[in-house]
Amino acid sequence: MIQKAILLCMALVTTLGTLSAQKCDLVLRGRVLHLENNQPIEAAYVWLSESATGVVTDANGNFALKNLCPGQQTIQITFIGHKEIKQSLVLNSATSNLTFKMEEEAVALTGVEVHGHREAVQTTTAVSTLYGEALLQSRGESLGESLKRVAGVTTFSTGNTISKPVIHGLHSNRILILNNGIRLEGQQWGAEHAPEIDPFLADELTVVKGAETVRYGPEAMGGVILVNPPALPTSKKSTTELNLVGNTNGRAGNVAVSHAGGSGKYPGLGYRIQGATRRAGNIQTPNYYQGNTGMSEASLSGAMGYSSSKLGTEAYYSFFTTELGILRDAHTGNLSDLIAIIKNGAPFTQPEFTYTINHPKQVVSHHLAKIKAHYHLNPSWKLNFQYGFQKNNRQEFDRRRGDLNARPSLDLELFTNTAELFVEHNLKSHWTGSMGIHLIQQANSNLPGTGVTPLIPNYDLRNGGVFLMEKYIKGPLELEAGLRYDYRTLSAARYVGNDLQEANLTYQNGSVFLGGMYQINSSWAFTSNLGTAWRPPNVNELFSQGLHHGAAAVELGDANLDTEKSLKWVNGLEFEGKRSTLELTAYANQIRDYIYLNPTGETFVSLRGTFNLYEYLQADAFFYGLDLSGTYSFTENLNGYAKGSIIRAKNTETDTYFPFIPSDRMDWGLSYSFGKNPEQGKNRITLSNALVAKQHREPDFDLAPAPPAYALLNLGYSKKLELFKNTLSLSLQVNNLLNTEYKEYMNRFRYFTADMGRNFQLKFNYQF
Amino acid sequence: MKNLKKVSLYLLALVAFGFASCQSEDPTKENDGEVITDVTLKFQELNSSNELVGSVLSFKASDPQGIEVGKTPTIQSVSLAKGKKYQMTIEVTNAIKGEDITQEILTEAAAHQFFFLGQVFDSSFFSIQYADAGGVALGLKTIVTVSSSTGTNNSNMRVVLRHDLNKSFPGASNPNFANFVQAGGETDLDLTFPVILN
């Protein structure tokens, strides 16, 4: 009664206040989420009784009602299987943005659709996601290459087949990749070790740009990449997707199929199977073929799940295998070989095209199995459990003599167990959060018989962490904080000659973060996140000792290295207008005891010739930069986009630059749509231009100076057709249209060869 | 609820099994197979009718640990007489593993080749030709002719073993081919012997 009276008073006041100009031009924006997991609800119906207008929420759960008159309104939100929301509110200029959470009906009625459960990224830090059309355009590329579409993400690559994502200048062990929620654990320390994951399994690639150690565990220092498969179907409805990709360069082809379906008999039961394969031969630069750069890859994944109103379970398995040829001439015997090829600027051997993969090569396989369950204790509390098992095998073959040639020089087997148990609460009041424990166990073994002293020792690793996060949401404001504590033990052993080397190390660290998001008005939003992260030194940094085959380098580890600790502050500003969008991310990352491979400047002599000597050192580092991306619709048919990123990274102790920090770059393009429904993009021509600056901030020592700046032009045409009532997407893309010869600073093979030349790519996607 | 308990018990058992079965193997000793520890150059005089005469002169370069930081190889000086012709044979071994690598090089003659460089050739003190069985350009066996007049008694000879090269690359048939890198492949041996001429 009192509440109503207050509301009435407020309504009166606001009405009076606006009486002089009683304009019906207010906009009510809002978002509808599932109460249990904060996921957006698509197609919820929002109705304002007094104004007699209604709208349906979009894929992100957002809605906007325009041309509303000030005053009291009753908002009514309905969505199948959920309790109706009915609330009074007073409309004035301040009530522009609201969040509604819908609770599932306790009683599952027959015929009621049970929605799939997929965890949404709940963070106040800057997040960019590739999905839908953008993801479709990236099909056929590796994970690293696909993610380059996100501003601020570049790749650290070894040739054109091995690429690792780099977020804000950090990569390898300083970022995390999650395969369907499980930390991907391969031998990710190696610069030439690409992530063992096929992006075809995902319908969404998300990049979290903040330090997310609290949420995901140690090492998430530069950011996190989430590779998420689609949610499992929960009703009897099957979908099949077929992707075919063909490339002229490397004469590469991909085939990918996925099929998902649900059970009609048992509502809530769903499954998905997916498989993909890729074959490619020697890559062609504008003037020559790169010898031995072919690859073959296959992946398979399957998932099955059951969702009811209270219980959700999922079993998931993925397998990935690849065989990668390494540019023959990049594998050098000693320093004078290396100098000779760098001086030549191109490989000495430039064979013809072939699919054959010879040594040196890598053969990698990765298994991941996981089970996941959640149980709704009550509408606000949810218990989650996740367990993942991973087995990674990596074999690296060099050119060797005699029987040894058939044996790998590096043969590693890595087992990883991860388990997570946590409770989430999503209170009807403004609080949501989670707390739990996170365990990682890892066992790495060198398989005997390589005839080479192992690069890294056999080791057992155990990591235990406890975490707590809480978020407060009120209207346009979200505030978030979290903390975590981790304890890690590492015991390693290896024989070097006849000496047994053993080490037992322990590390521990606490992490905290604080973040916030503020919806300034209906089109502007601001996020800010300050977080600490840490990373214990990796085994290769601790124990490397000896020749890095092929790199003409002897690398020395240091078992006394400290953990790396970072403090990253990320700020994001987003604008979404009628014709334009804008996303600006600015960050600063202070890293204490940053571990890096430092050239000592010394060389040492053996019967095999001379080698450079490198050692792992620690120094304080400071990274900062900007990512900017935006789109603008000139007309209904003509759209433009631009994105760019700038990174500055310095060793603050010696006031020098680190190697392999991406240079300044931008990418812009125009797309023109035509046909009957241009806004649906039925026919689209896209012209884009990538501009990459020369890296002027070079380290004191590098084998070769940074390559010059370059510009690439790409042209694409895509068409959507209706075929048997389903959509068929076709696209033809020409990358590096002008066949420009260039070298990329972030490609380790820039020392040896020019980058990939012109490539025609034909894509076919059919969903039925 | 009963089912839930059962399920969670199964899950726990599975996790416990997973974690318990995950232990690294004990490390094993790995003999470096690829390492070359000893390279011996053997010279025997050839008389005017190309018959081997006299005793064999051996000069050795060795690095007992193979490639190891802080150690440099010991290389003996090659001491030869001016104006004479020698047959040179090269022996390559891995003393760590007790392996004769010479035989492996011979078996893979198509993928290996020695090149001979350094001052002795630049100043024409030496001339060299491949004399391997079957006429292949390999360099395990060569004929070395020492000039009768040399400006100095002290010189040096660089011996390079290339692996996985294109042997039919133009110029690669010459044992003194200085641009051997252009023929592709990688270096397995690159060492310089001091040479004393009497």
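Coordinate-derived values only; no laboratory data. For clarity, every value in this text was computed on a predicted model and none was experimentally measured. Here Cβ is always computed from backbone atoms with ideal geometry, including for glycine, and neighbour counts include all displayed protein chains.
Averaged over the residues of peptide A:448-458, the number of Cβ atoms from other protein chains lying within 10 Å of each residue's Cβ is 4.
Expressed per residue, the C-alpha convex hull volume of segment A:542-689 stands at 170 Å³.
Relative to the 2.2 N^0.38 Å rule of thumb, segment A:663-768 has a C-alpha radius of gyration ratio of 1.43. Our analysis of segment A:326-374 gives Rg over Rh at 1.31, with the two radii drawn from alpha carbon positions and Rh computed by the Kirkwood formula. For chain A, the longest principal axis of the alpha carbon atoms and the long axis of helix A:2-19 meet at an angle near 90°.
3J(HN,Hα) along segment A:582-590: 8, 9, 10, 10, 10, 9, 9, 9, 9 Hz, from the Karplus curve 6.51 cos²θ - 1.76 cosθ + 1.60 with θ = phi - 60°, whole Hz, x for Gly and Pro.
For B:Gln103 and A:Ser263, what is the calculated FRET efficiency with R₀ set at 56 Å and r taken between the beta-carbons, to the nearest 0.05? According to the calculation, E is roughly 0.30. Considering amide H positions built from the backbone, and no H for Pro or chain starts, which residues 5 or more places from A:Val496, or on another chain, come under 5 Å of its amide H? Result for A:Val496 returns A:Gln501.
For the residues of A:441-447, the average number of beta carbons from a partner chain within 10 Å of their own beta carbon is 4.
With neighbour counts taken as other beta-carbon atoms within 10 Å, the residues B:Asp100, A:Asp337, A:Asp499, A:Asp411 rank, fewest first, as A:Asp499, B:Asp100, A:Asp411, A:Asp337. Among the listed pairs A:Lys720/A:Lys743; A:Lys66/A:Lys568; A:Lys101/A:Lys236; A:Lys66/A:Lys471; A:Lys209/A:Lys474; A:Lys66/A:Lys101, those with a Cα-Cα distance over 32 Å are A:Lys720/A:Lys743; A:Lys66/A:Lys568. Under the simplified labelling scheme, the A:Asp25-A:Tyr717 pair shows an inter-label distance of 4.5 nm, with each label point 7 Å from Cα along Cα→Cβ. Treating the Cα atoms of chain B as identical point scatterers in vacuum, please give the log10 of the normalised Debye intensity I(q)/I(0) at q = 0.10, 0.11, 0.19 Å⁻¹, two decimals. The Debye formula, applied to the Cα set alone, gives -0.50, -0.57, -1.40. Ordered by the number of other Cβ atoms lying within 10 Å of each residue's own Cβ, fewest first, A:Arg183, A:Arg592 fall into the sequence A:Arg592, A:Arg183. For a modelled paramagnetic label at A:Lys676, 7 Å from Cα along Cα-to-Cβ, the residues of segment A:694-726 in reach, with backbone nitrogen under 16 Å, are A:719-726. Sequentially through segment A:444-454, phi angles give Karplus couplings (6.51, -1.76, 1.60; θ = phi - 60°) of 10, 10, 8, 6, x, x, 7, x, 9, 4, x Hz, Gly and Pro residues having no value and appearing as x. Here segment A:205-279 and segment A:352-428 have alpha carbon centers that stand 15 Å from each other. Over every Cα atom in segment A:449-511, the radius of gyration and the widest Cα-Cα span, Dmax, amount to 20.6, 67 Å.
Residue-normalised convex hull volume from the C-alpha trace of segment A:151-205: 91 Å³ per residue.
Measuring from label point to label point, each 7 Å out along Cα→Cβ, what is the A:Lys694 to B:Val56 span in nm? Modelled inter-label distance: 5.8 nm. A straight line joining the Cα centroids of segment A:691-743 and segment A:610-648 runs 15 Å. Sorted from longest to shortest, the spans of the Cα atoms of segment B:8-100 along the three principal axes equal 91, 30, 14 Å.
Its alpha carbons give segment A:600-645 an Rg and a Dmax of 24.5, 69 Å. What you get for segment A:529-580, charging only the Cβ of Lys and Arg (+1) and of Asp and Glu (-1), is a dipole of about 380 debye around the Cα centre. Legend: P(r) of the protein assembly as shown from all alpha carbon pair distances, 20 Å bins from 0, whole percents, reading 12, 40, 31, 12, 4, 1, 0. Quick one: Kirkwood hydrodynamic radius for segment A:604-677, alpha-carbon pairs, angstrom, one decimal? Kirkwood radius, segment A:604-677: 16.9 Å.
In sequence order, segment B:180-186 has phi-based couplings of 4, 4, 5, 7, x, x, 9 Hz under the Karplus curve 6.51 cos²θ - 1.76 cosθ + 1.60, θ = phi - 60°, and Gly or Pro positions carry x. Give the lysines reachable from A:Lys370 as a straight Cα distance under 21 Å; neighbours fewer than 8 places away on the same chain don't count. Cα-Cα hits under 21 Å: A:Lys310, A:Lys382, A:Lys391, B:Lys5, B:Lys6. Residue order for A:Cys24, A:Cys69, fewest other beta carbons within 10 angstrom first, comes to A:Cys24, A:Cys69.
Given +1 at the Cβ of Lys and Arg, -1 at the Cβ of Asp and Glu and no other charges, the dipole of the protein assembly as shown around its Cα centre is 2840 debye to the nearest 20. Working from label points 7 Å from Cα in the Cα-to-Cβ sense, the A:Thr129 to A:Gln508 distance is 3.8 nm. Note on segment B:39-145: Rg/Rh from C-alpha atoms, Kirkwood Rh, equals 0.98.
Within the same chain, aspartates and glutamates fewer than 8 places from A:Lys719 are excluded, and of the rest, those with a Cα less than 13 Å from its Cα are A:Glu133, A:Glu679. Work the Kirkwood hydrodynamic radius out for segment B:113-168: mean of 1/r over every pair of different alpha-carbon atoms, inverted, in Å. Taking the inverse mean of 1/r over all distinct Cα pairs, segment B:113-168 comes out at 12.3 Å.
Look at the alpha carbon pairs under 8 Å that are at least 6 residues apart: their mean separation over the length of chain A gives a relative contact order of 10 percent.
Evaluated on segment A:169-269, the Kirkwood hydrodynamic radius is 16.0 Å, with distances taken between all distinct Cα atoms.
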